[in-house]
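Following: one structure in structure tokens, then a few remarks.
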Amino acid sequence: MKTAQVTGGGSPVKKFDRNMPKKPAVPLRTDHPVMGIQSGKNFINTNAADVIMGVAKKPKPIYVDKRTGDKHDVESSGLVPKYINKKDYGVTPEYIRRRNEELKKAQEEYDRYIQENLKKAAMKRLPDEEREAILQGLKKNWEERHKEFQSLSVFIDSISKKIRKQRLEEEMKQLEYYIGVIEKHKIIYIANNA
């Protein structure tokens, strides 16, 4: 009776059974193998006929990458498009779909929370047209200050010229900051004064 157990490595382990039949004995030194048996088969002609009648083997696809003739397999090179033939090629994996849905739900909950807080705090959203108008006005003001700055004399010899130059630089820096803030934030909320 044979019983096999599988160990952690996956190979079956045979249990020892004393009743199993033994292997044949080792031949004696005086025993000689049977000699002189010949077959009438012509192996050369048989092999030639098998090769002629057999289907030709398809050559293994290879590519040569240097002029010295270094050959490599095409399969393992990545030149054969094998992944596009898979049935799930181009399909978004399930875990990414679940994660995107969770992110979408979280964003919706956050938006609802913000809307409730905005209603409580009496905040209103700045319309896109008004935001664009403010942005264009800021850019126009910056261009005017820049033009004024460019028209200053190169040599600043008096205190009033120095003060004027510093004032223009500060105004331009402040306008650049405001333009950056408005361009960075697409949605802007303002407090209701009513």
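The values are calculated or read from the model by the stated rules, or taken from the named source; none is laboratory data. In this text the structure is predicted, and so the values were computed from the model without any measurement. Reconstructed Cβ throughout: ideal geometry from the backbone, glycine too, with neighbour counts over all protein chains shown. Ligands, DNA and RNA are excluded from the accessible area calculation, which covers all protein heavy atoms including side chains. Shrake-Rupley method; radii C 1.70, N 1.55, O 1.52, S 1.80 Å.
Which ones in the stretch 116-149 are at pLDDT below 90 and of a type in the set (S, T, N, Q)?
ASN117
Can you find even one residue in the stretch 143-154 that is in a loop (DSSP other than H, G, I, E, B), farther than 26 Å from GLU130 by Cβ and open to solvent by 70 Å² or more (accessible area, probe 1.4 Å)?
yes
Out of all the residues in the stretch 77-107, which are farther than 30 Å from TYR63 by Cα and of a type in the set (Gly, Ala, Ser)?
ALA106
Here is a list: ILE179, ILE156. Which entry is out of contact with any Cys (no Cβ under 9 Å at 6 or more places or on another chain), β-branched (Val, Ile, Thr) and modelled with pLDDT of 90 or more? Lay out the reasoning, then the answer.
Working: ILE156 fails: modelled with pLDDT of 90 or more.
Just a single option satisfies the conditions, and that option is ILE179.
In the set ARG97, ARG67, which member is over 30 Å from ILE188 (Cα atoms) and loosely packed, with under 10 Cβ neighbours inside 10 Å?
Going through ARG97, ARG67 in turn, the sole match is ARG67.
What's the number of the only condition in (1) loosely packed, with under 11 Cβ neighbours inside 10 Å; (2) assigned to a helix (DSSP H, G or I) that ILE190 fails to meet?
(2)
Is it true that LYS173 is in a helix (DSSP H, G or I), modelled with pLDDT under 80, open to solvent by 60 Å² or more (accessible area, probe 1.4 Å) and out of contact with any helix residue (DSSP H, G or I) (no Cβ under 8 Å at 6 or more places or on another chain)?
Considered against the rule, which asks whether it is in a helix (DSSP H, G or I), modelled with pLDDT under 80, open to solvent by 60 Å² or more (accessible area, probe 1.4 Å) and out of contact with any helix residue (DSSP H, G or I) (no Cβ under 8 Å at 6 or more places or on another chain), LYS173 comes out as no.
Of the residues that make up the stretch 123-134, is at least one surrounded by 11 or more Cβ atoms within 10 Å (Cβ to Cβ), small (Gly, Ala, Ser) and free of Cβ contacts under 8 Å to residues at least 12 places away in the same chain?
yes
Applying the selection to the stretch 28-49, what residues are open to solvent by less than 100 Å² (accessible area, probe 1.4 Å) and at negative phi?
Filtering the stretch 28-49 down to residues open to solvent by less than 100 Å² (accessible area, probe 1.4 Å) leaves 31, 33, 36, 39-40, 42, 45-49.
ASP31, PRO33, SER39, GLY40, ASN42, ASN45, THR46, ASN47, ALA48, ALA49, listed by residue number.
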